[in-house]
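Engineer: Following this message is one structure expressed as structure tokens.
The values are calculated or read from the model by the stated rules, or taken from the named source; none is laboratory data. None of the values given here were measured: they were computed from a predicted structure. Reconstructed Cβ throughout: ideal geometry from the backbone, glycine too, with neighbour counts over all protein chains shown. Ligands, DNA and RNA are excluded from the accessible area calculation, which covers all protein heavy atoms including side chains. Shrake-Rupley method; radii C 1.70, N 1.55, O 1.52, S 1.80 Å.
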Amino acid sequence: SAKAAGRDCYRAFEEAMRAVVEARRTVENEIRTALAEGQFELHYQPQVSVLTGRITGFEALVRWNHPVRGMVPPGSFIPVAEETGLIVPLGTWVLREACRQAAGWPGAPRVSVNVSVVQLRSGGVVKAVAEALGESGLEPGRLELEVTETVMLDDTTATLGALRAVRSLGVLVAMDDFGTGYSSLNSLHNFAFDRIKIDRSFVADLASGEKALAIVRAVIGLGRSLGVPVTAEGVETPAQLERLRAERCDDVQGYLYSRPVPAAAARRMLEEAGGRVAA
Ligand code: C2E
Ligand code: MG
Ligand code: MG
Ligand code: MG
């Protein structure tokens, strides 16, 4: 009967829901264990000055060195960490680790750390930043936090307050993935960002599309008008680099120069050729 079919359907739905909830709880518990047992590590991707070809900074990107699954990329656990609030202790660990490692780098380049809106809302991020700087001895001006436009979507007084407090410590704040959110221009209007990072989707289309070029040109112009340097993400080909050079983009980051690498390899890049990297 239709009633019986409906019952079966509901049971199947319940089963599926239970499986989703259980999978989530498993990941949540695994993240806790991973934090306790030191299974997270940071990889670093160089950011290179288009003008000089030198490394100006590294972006810290978290990886989970999972005992069974191997190196797990952030896309599969950051969302769970955000939903469960575990991003707060994880983010604090990332800040401490990045500052600790960057403090010893020759040539004193910048280190950029991604910060989630959940961390900014939690109320503890200013203290976490101040402590990471204090215990590492890293100059505040060498630390940059990368935030996406989602920070402007909700509860803006709390998140903007946290960003302003961090910035008053002398730490830089970059707008990440610029152009992909709902409120790109509004964000720039509401907060004095120190850098704009053009999302890699625009860079990817640079060679093929006139539109992508128009957008990249406009963002670089916007940066110039605001007096803010612009970094292009996801630069993979010499043609993209040459385009960005012609448009006078400040910095580039992408596989063309290097994938994100472990801390020891990042340090070697700085030691070799005085931080000049070949494309
Ligand atoms: P994101 O901050 O926009 O980081 C850039 C991502 O693009 C990285 O992916 C990087 O490996 C990748 N990428 C760099 N160059 C290229 C390229 O030339 N081509 C392509 N196709 N990709 C490139 P990853 O490491 O998987 O990180 C993904 C996202 O996870 C990051 O995007 C960031 O939003 C988030 N994330 C990473 N680490 C952290 C962290 O410590 N805390 C928080 N809250 N989020 C993090
Ligand atoms: Mg980033
Ligand atoms: Mg990005
Ligand atoms: Mg991104």
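Engineer: Restricting things to Cα coordinates, could you compute the convex hull volume per residue of the range 2-47 in Å³?
Structural biologist: Roughly 86 Å³ of hull volume per residue.
Engineer: Let me ask another. Whenever you get a sec, compute what percent of the accessible area on the chain sits on carbon and sulfur atoms (1.4 Å probe).
Structural biologist: C and S atoms contribute 55 percent here.
Engineer: Taking the alpha-carbon set of the range 139-200, what are its Rg and Dmax in Å?
Structural biologist: 11.1, 34
Engineer: Taking the Cα atoms of the range 172-279, report the difference between the largest and smallest coordinate on each principal axis, in whole Å and largest first.
Structural biologist: 41, 33, 21
Engineer: Rounded, prolate or oblate: pick one for the range 85-133, where a ≥ b ≥ c are the square roots of the eigenvalues of its C-alpha gyration tensor, a/c under 1.5 means rounded, and failing that, prolate if a/b is larger than b/c, else oblate.
Structural biologist: Values: a/c = 2.47, a/b = 2.29, b/c = 1.08.
Taking the square roots of the gyration eigenvalues as a ≥ b ≥ c, the range 85-133 is prolate.
Engineer: Then there's this: By DSSP, what percent of the beta bridges with both residues in the range 17-143 are antiparallel, rounded to the nearest 5?
Structural biologist: 70 percent
Engineer: Moving on to the next point. Helix 156-168 versus the longest principal axis of the chain: what is the Cα-based angle in degrees, 0 to 90, to the nearest 10?
Structural biologist: 40 degrees
Engineer: Under a crude label model (7 Å from the Cα following the beta-carbon direction), how far is residue 3 from residue 186 in nanometres?
Structural biologist: Modelled inter-label distance: 5.0 nm.
Engineer: Here is a further query. Please report, in whole Å³, the volume per residue of the convex hull around the C-alpha atoms of the chain.
Structural biologist: Once divided by residue count, the hull of the chain is 167 Å³.
Engineer: On average, how much accessible surface per residue is there in the chain, in Å², for a 1.4 Å probe, leaving out ligands, DNA and RNA?
Structural biologist: For the chain, the solvent-accessible area averages 49 Å² per residue.
Engineer: Still on this structure: From the backbone phi of the range 226-237, what are the Karplus-calculated ³J(HN,Hα) couplings (6.51 cos²θ - 1.76 cosθ + 1.60, θ = phi - 60°) in whole Hz, Gly and Pro given as x?
Structural biologist: 8, x, 10, x, 10, 10, 9, 9, x, 6, 10, 10
Engineer: Okay, helix-only estimate at 222 nm for the chain: each DSSP H run of n ≥ 4 adds -39500 (n - 2.57), divide by all residues, round to 500 deg cm²/dmol; what do you get?
Structural biologist: Calculated mean residue ellipticity at 222 nm is -15500 deg cm²/dmol.
Engineer: A further question on this structure: With just the Cα atoms defining each centre, how far is the range 5-22 from the range 257-279? Give it in Å.
Structural biologist: After rounding, the separation between the Cα centres reads 50 Å.
Engineer: Sticking with this structure for a sec: Could you tell me what percent of the DSSP beta bridges with both partners in the chain are antiparallel, to the nearest 5?
Structural biologist: So the antiparallel bridges in the chain amount to around 45 percent.
Engineer: Tell me, what does the Kirkwood hydrodynamic radius of the range 20-109 come to in angstroms if you use every pair of distinct C-alpha atoms? If you can, show how the numbers build up before the last one.
Structural biologist: Values: mean 1/r = 0.0690 Å⁻¹.
Evaluated on the range 20-109, it is 14.5 Å.
Engineer: Sticking with this structure for a sec: Translational diffusion coefficient of the range 105-167 at 20 °C, 1.002 mPa s, Stokes-Einstein with Kirkwood Rh over Cα pairs, in µm²/s as a whole number.
Structural biologist: Working: Rh = 12.4 Å.
Stokes-Einstein gives a translational diffusion coefficient of 173 µm²/s.
Engineer: What are the radius of gyration and Dmax of the range 54-172, computed over its Cα atoms and given in Å?
Structural biologist: Radius of gyration, then largest Cα-Cα span, for the range 54-172: 14.3, 43 Å.
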